[in-house]
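Asker: So that we are looking at the same thing, I have put the structure below in structure tokens.
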Amino acid sequence: MSASVSLSIATNSAIAASKAFGWFVTGSPTLFAETIHSLADVGNQVLLRVGEVRGRRGPDRTHPFGRGQEKFFWALVSAVSVFFIGCGINIYHGVHALLANEAGSPFSLLVLGLLLFAFALESWTLSTAWKEIGGWKGLQENRHNTTVLAVVLEDGVALLGILLTLLVAGVGYFFGPDPTFDASIAIVVGVILGAMAVFLAALNRRLLIDTSDQALDRAAETWLARRGIAANVRSLVLDLDRVIAFVNAKHEVADSYAIGEALKQAMRESLGKTVDRVYWKFIVERVP
């Protein structure tokens, strides 16, 4: 189970409450957008947790390879909810505020303190998720870990949203409340959420349509070639770190079962991936 998801549910609940109070006090469209943003994050991370729990179920007669892909399905549902709730409501409210052009109350020191408190909590959650996914290197190599990747992106966007809200507060403090600028920032937050949602939805859609782990395919082909076996390997992603491998060998292979078991161990040791099963197909050219 992902520690960053549990932490994010708790911190975003507190952040949503603090932003909602700030919006109630000031009437700021940007703070409203940020409140909806945090509430959407809480709901999305609950969906990610549902995917984690359901994805842990083992294989049965109906699902012989387990339910690991449940994670990708619920992450897709989460991304769609970000698009319609986070993006849609924020843009609608921002456009409405832009047309109404009514100045709100200036940000008080209490509201600014709550925003800084939210910034600290989001930074903590982002740091936890960043470590869990393995930093920049892990971000590039663990694209299948969409649960933690979603937390990283959502918290990163949340930090950007808080910084934009502080910018609105600064403009209001030095130049007086500017309803046009405030509403425009709310729309910008909505557009950013929409872009993130489209990216996550596309990533999870790809993983739900029989995706291969190309890094593992190349590593397996290299490992086999070193043992004199010419073959094409195609894997099928079952979970974050589980695949099945299809080996299309260009000649007969003696004791293929033992070689398959050794291949499983090699991939586990070199890539940290579990190959559940290895299926062999021998493509032998016959001379007429």
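Asker: Under the rule a/c < 1.5 gives rounded, and otherwise a/b versus b/c splits prolate from oblate, where does the chain land using the Cα gyration tensor?
Answerer: prolate
Asker: Looking at I9, G260, A120, which one has the Cα that reaches farthest to the positive end of the dipole of the chain (charges on Cβ: Lys, Arg +1; Asp, Glu -1)?
Answerer: Checked the options; the winner is G260.
Asker: Here's another thing I want to ask about it. Of F24, A150, N101, which is farthest along the charge dipole of segment 1-157 in the positive direction, counting Lys and Arg as +1 and Asp and Glu as -1 at C-beta?
Answerer: Toward the positive end, the furthest listed residue is A150.
Asker: OK, next. Kindly sort K281, K264, K131 by accessible area of their heavy atoms, largest first, with the probe set to 1.4 Å. Don't jump to the answer; show the numbers that get you there.
Answerer: On the way: K281 120, K264 35, K131 155 Å².
Result of the area sort, largest leading: K131, K281, K264.
Asker: How long, wide and thick is segment 1-126, going by the Cα atoms along their three principal axes, in whole angstroms, largest first?
Answerer: Projected onto its principal axes, the Cα set of segment 1-126 covers 62, 30, 17 Å.
Asker: To one decimal place, what orientation-averaged projected area in nm² is obtained for the convex hull of the Cα set of segment 178-288?
Answerer: 10.5
Asker: Given R₀ = 22 Å, FRET efficiency for V50-F84 by Cβ-Cβ distance, to 0.05?
Answerer: E between V50 and F84, to the nearest 0.05, is 0.75.
Asker: By how many nm would the segment from E102 to A202 grow when fully extended, if each residue of separation counts as 0.36 nm and the alpha-carbon distance is taken off? Don't skip to the answer; put the middle values down first.
Answerer: Numbers: separation 100, 0.36 × 100 = 36.00 nm, distance 3.81 nm.
Net length gain for the segment: 32.2 nm.
Asker: What whole-number value in cubic angstrom gives the convex hull volume per residue for the C-alpha atoms of segment 1-41?
Answerer: Numbers: hull volume 1.7 nm³, N = 41.
Value for segment 1-41: 43 Å³ per residue.
Asker: With each run of n ≥ 4 DSSP H residues scored as -39500 (n - 2.57), what mean residue ellipticity at 222 nm is computed for the chain after dividing by its residue count and rounding to the nearest 500 deg cm²/dmol?
Answerer: When only DSSP H runs of four or more count, the value is -23000 deg cm²/dmol.
Asker: Work out the length of the dipole vector of the chain about its Cα centre, built from +1 on the beta-carbon of each Lys and Arg and -1 on the beta-carbon of each Asp and Glu, and round it to the nearest 20 debye.
Answerer: About 1040 debye.
Asker: Give me the accessible area of W124, 1.4 Å probe, in Å² rounded to the nearest 10.
Answerer: Rounded to the nearest 10, the figure is 140 Å².
Asker: Further, regarding this structure: Which residue, A40, A266, A197, tops the fluctuation ranking in a GNM of the chain built on C-alpha contacts under 10 Å?
Answerer: A266
Asker: How big is segment 88-212 in terms of Cα radius of gyration and Dmax, in angstroms?
Answerer: Looking at segment 88-212, its Cα Rg and Dmax stand at 17.5, 55 Å.
Asker: Please report the antiparallel percentage of DSSP beta bridges with both residues in the chain, rounded to the nearest 5.
Answerer: 50
Asker: Moving on to the next point. Could you please state, rounded to a whole Å, how far the C-alpha centre of segment 67-102 is from the C-alpha centre of segment 264-278?
Answerer: Cα centroid of segment 67-102 versus Cα centroid of segment 264-278: 38 Å apart.
Asker: What residues from segment 251-281 fall in the zone where the backbone N is under 19 Å from a label point 7 Å along the Cα-to-C-beta line of I244?
Answerer: 256-265, 267-268, 273-281
Asker: Let me ask you something else. Using the Cα centre of segment 147-274 as the reference point, and only Cβ charges (+1 on K/R, -1 on D/E), how large is the resulting charge dipole? Debye, rounded to the nearest 20.
Answerer: 480
Asker: Next question, about the same structure. Would you list the membrane-span-like helices of the chain, meaning whole DSSP H runs whose alpha-carbon atoms span at least 30 Å along their axis and whose mean Kyte-Doolittle value is at least 0.0?
Answerer: Span-like helices, by this rule, are 3-26, 29-55, 109-133, 146-175, 179-208.
Asker: Using Cα centres only, tell me the gap between segment 1-52 and segment 143-215 in whole Å.
Answerer: The two parts, judged by their Cα centres, are 13 Å apart.
Asker: What accessible area per residue comes out for segment 191-281, rounded to a whole number of Å², with a 1.4 Å probe?
Answerer: 51
The values are calculated or read from the model by the stated rules, or taken from the named source; none is laboratory data. Predicted, not measured: the structure shown is a model, and the values here were computed from it. Using ideal geometry, Cβ is built from the backbone for each residue, glycine included, and neighbour counts are taken over all protein chains shown. Quick note on the areas: whole protein, heavy atoms, side chains included, nothing else; ligands and nucleic acids left out. Shrake-Rupley method; radii C 1.70, N 1.55, O 1.52, S 1.80 Å.
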